[in-house]
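Below is one structure, written out as structure tokens; the observations come after it.
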Amino acid sequence: MSSEVKNLFELEVCLKKDNAKSFLSTFKKVIASGRESKCTLTRNPGLTIYTPNNPQNLSAKKNVLLLIHELSRTGAPVVAVDAAKALIKNGYFVTVITMRRGPLLKELLESGIPVVFDRELELTYDSRIIMEAKNTPMYVDHFIKSFDQAIIVTAVYCNLIHRLNGSTKTPIIWWLHEGTATYDNLAPLMPTTIIPPIRVYTGGKYALDQLRNYNLFYPAKILNYGLIDTFDPENSSTSHDKVNFILPGSIGKRKGQKILLDAIEILPPKYQKAANFTFIGDIVSEADIDGKNTKNALLSASRNHANIDYITSVTREGLFDIYKKTDVLVLPSLDDPMPVVATEALMLEKIVLCSDTTGTSYYLKDGENGFIFGSGNVPKLAEKIQYIIDHKDDLAKIGQNGRQVYLQNFEMGIFENNLLNIIKEAA
């Protein structure tokens, strides 16, 4: 019997006997022996373990579990993976558990972080099932009991928090990044109170305000995410012949692509000729009627207007290439707690023009380090675009001021210090 098979068998025994004391050490043996492999447990087929080729910090005495609902390249999963990397850098053994795989799986494994795909976590969408099964251990219970701390990302796991609330002894950080679009559906399912050692943090003041707006008065604090600084002064030029605007994001009503299209339509001809507009993104679901209608409108606009371009998908590297030619990032979102693209733009000294229902607006002063307009107000957005075009010589200074917003609030070192302090407080 190979060491990998032997260790997997021992892990199965730990699960069967609910042996939390031996679970983590056995799990680490599995990770150590299964270099760059994928294995699904025989007796517990709901679990698939992905082991990295070079697992990090296996001998660490500080162990953190990170629950991410999906591994897509969207806002919350991206910043959660960055948090995992920050913990690895500071000597923690980190494992990620998810209910949906995606492109970030490869990135985690390349960073030396094991990933557990737990099919059973899909049950957490059904509050009745998960609460009725409260006294029946789930796979995730074994992990949470065995690790020193857990970070649970997004309100999607609200039913799991219900299950743990008042019963867990493991310190848990519940890191929320949601706005109204999520709480319209999930607020009725959220716990009315949070019992220590569970603690709530939000990704910015906008996300915190949404909790309050839905009468969820947890003793929550703000934990802004961080981004690694990739700024290159040589790519910060805003001296293009035309002012180049971009709007990246999933296509649909919430992100406001139609709002920007309508604003472009009412621009006087001389301003339309003085600017280029690039939309980047695609619909998330074929069932999203608003998204499909918006996509059709974008396709039509890109065919009929020389100054409008529409790209359905782009890699992260491709987006940064587009940033090099960008002057202004437009975010006309109706509800957008703290978009990563806005923080990237601030970092790169690009102008951020956003609605006041975008979380980034809380950190901006209109006309000083960015531009803000009233949510859904097409004429006001058009006015801001005209103003920016008329004052294109001022954009470099405003972009420099915007970068200070990034350095003071979202720089990775600041995030690392805040996260480590929060974890140490609960230890």
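Given R₀ = 25 Å, FRET efficiency for residue 89-residue 33 by Cβ-Cβ distance, to 0.05?
For R0 = 25 Å, the calculated efficiency reads 0.50.
Rounded to the nearest 5, what is the percent of antiparallel bridges among the DSSP beta bridges in the chain?
15 percent
Give the cross-link partners of residue 16 among the lysines, using a straight C-alpha distance below 29 Å as the criterion and excluding same-chain residues fewer than 8 apart.
Qualifying lysines at Cα under 29 Å: 6, 28, 29, 38, 61, 62, 134, 145, 169.
So if each residue of separation counts as 0.36 nm, and I subtract the Cα-Cα distance between residue 408 and residue 13, what length gain in nm does that give?
137.3 nm
Placing +1 at every Lys and Arg Cβ and -1 at every Asp and Glu Cβ, with all other atoms neutral, what dipole size does the stretch 222-337 have around its Cα centre, in debye to the nearest 20? Present the calculation step by step, with values, prior to reporting the outcome.
On the way: 13 positive and 16 negative charges, 86 e Å.
Magnitude of the dipole: close to 420 debye.
In nm, to one decimal, how far is the residue 54 label point from the residue 417 one, both placed 7 Å along Cα→Cβ?
2.9 nm
Please enumerate, by chain and number, the lysines with C-alpha under 23 Å from the C-alpha of residue 253, excluding those fewer than 8 residues away in the same chain.
205, 292, 295, 380, 384
So, R0 is 30 Å and r is the distance between the beta-carbons of residue 231 and residue 390; what FRET efficiency does that work out to, to 0.05?
Result of the calculation: an efficiency of 0.65.
Place a +1 charge on the Cβ of each Lys and Arg in the chain and a -1 charge on the Cβ of each Asp and Glu, then give the dipole magnitude about the Cα centre in debye, rounded to the nearest 20.
Roughly 1140 debye, rounded to the nearest 20.
With unit charges on the beta carbons (Lys and Arg positive, Asp and Glu negative) and the dipole taken about the Cα centre of the stretch 233-409, which residue among 378, 342, 268 sits farthest to the positive side?
Final value for the positive-end residue is 268.
Residue 222 versus residue 21, label points 7 Å from Cα toward the beta carbon: distance in nm?
If labels sit at residue 222 and residue 21, their model points lie 4.6 nm apart.
Lys/Arg Cβ at +1, Asp/Glu Cβ at -1, dipole of the chain taken about the Cα centre: which of 87, 243, 50 is farthest positive-ward?
Result: 50, furthest along the dipole toward the positive end.
Full extension from residue 184 to residue 73: what is 0.36 nm times the residue separation minus their Cα-Cα distance, to one decimal in nm?
37.6 nm
What's the ranking of 379-388, 68-77, 317-326 by average number of surrounding C-beta atoms within 10 Å, highest first?
Ranked by mean Cβ neighbours within 10 Å, highest first: 68-77, 379-388, 317-326.
Rule-based calculations on the coordinates, nothing more; no lab input. Keep in mind that what you see is a predicted model, and the values were worked out from it rather than measured. Don't worry about glycine lacking a Cβ; one is built from the backbone with ideal geometry, like all the others, and counts go over all protein chains shown.
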